[in-house]
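Working notes, structure below.
The values are calculated or read from the model by the stated rules, or taken from the named source; none is laboratory data. Only a predicted model underlies this, so the values are computations on that prediction, with no experimental measurement involved. A quick note on method: Cβ atoms are made from the backbone with ideal geometry, for glycine too, and the neighbour counts reach across all protein chains shown.
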Amino acid sequence: MTKIVYVEFGGNRREIDVPDGLTVMEGGRDNGVEGILADCGGACACSTCHCYVDEAWVDKLPPIEPMEQDMLDFAWEPDPRRSRLTCQIKVRPELEGMIVYVPEKQI
Ligand code: FES
């Protein structure tokens, strides 16, 4: 289990222990984090699992693959540095305490 901190739009902070090997999207969706819709179920085909990764964690994540980048272009107000699709981030112990911010809306 690795603790991931989800900050919902509006500031509600949810600290969730997510099983390693699941994705950040699955950890949020399965625990009812508001605003993680994940319409495609994690297939990198929608962008409704978009979140902003806290600046301190950006460089600890694997690089963005071209397919993720393509979908991020359709996300709501993407930030070139901090935006990620949370279905593409696997939870692992090195991410203990990582903070992700849910955007105002998903499109
Ligand atoms: Fe659809 Fe992540 S759940 S892109």
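Residue check: is Gly35 in a loop (DSSP other than H, G, I, E, B), in contact (Cβ under 8 Å) with a residue 12 or more places away in the chain and within 15 Å of the ligand (Cβ to nearest atom)? Taking the combined requirement at face value, the residue satisfies it. Only a single item in (1) under 12 Å from the mean Cα position of the chain (by Cα); (2) away from the ligand (no atom under 15 Å from the Cβ) is not met by Asp20, and it is number (1). Annotation: of all residues in the stretch 81-98 being assigned to a loop (DSSP other than H, G, I, E, B) and under 13 Å from the mean Cα position of the chain (by Cα), the one that is nearest to Asp20 (Cα to Cα) is Val91.
Scanning the stretch 1-31 for residues that are closer than 26 Å to Met67 by Cα and without any contact (Cβ under 8 Å) to a residue 40 or more places away in the chain turns up Arg29, Asp30. Where residues in the stretch 58-73 are touching a strand residue (DSSP E or B) at 6+ places or on another chain (Cβ under 9 Å) and not basic (Lys, Arg), which of them is nearest to the ligand (Cβ to nearest atom)? The residue in question is Met71.
Listed by first and then second residue, the pairs linking a residue in the stretch 83-101 that is touching a residue at least 12 places away in the same chain (Cβ under 8 Å) and under 12 Å from Val53 (Cα atoms) to a residue that is of a type in the set (Asp, Glu) and buried (at least 17 other Cβ atoms within 10 Å of the Cβ), with Cβ atoms under 8 Å apart and 6 or more places separating them unless they lie on different chains, are Arg84/Glu68; Leu85/Glu68.
Restricting to the stretch 63-72, name every residue that is over 16 Å from Leu37 (Cα atoms) and either in contact (Cβ under 8 Å) with a residue 12 or more places away in the chain or among the aliphatic types (A, V, I, L, M) (or both).
Ile64, Glu65, Met67, Glu68
Residue by residue, here is whether (1) within 16 Å of the ligand (Cβ to nearest atom); (2) modelled with pLDDT of 95 or more; (3) not in a strand (DSSP E or B) holds:
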residue: Tyr6; (1), (2), (3): yes, yes, no
residue: Gly10; (1), (2), (3): no, yes, yes
residue: Gly27; (1), (2), (3): yes, yes, yes
residue: Gly42; (1), (2), (3): yes, yes, yes
residue: Ala56; (1), (2), (3): no, yes, yes
residue: Asp79; (1), (2), (3): no, yes, yes
residue: Val100; (1), (2), (3): yes, yes, no
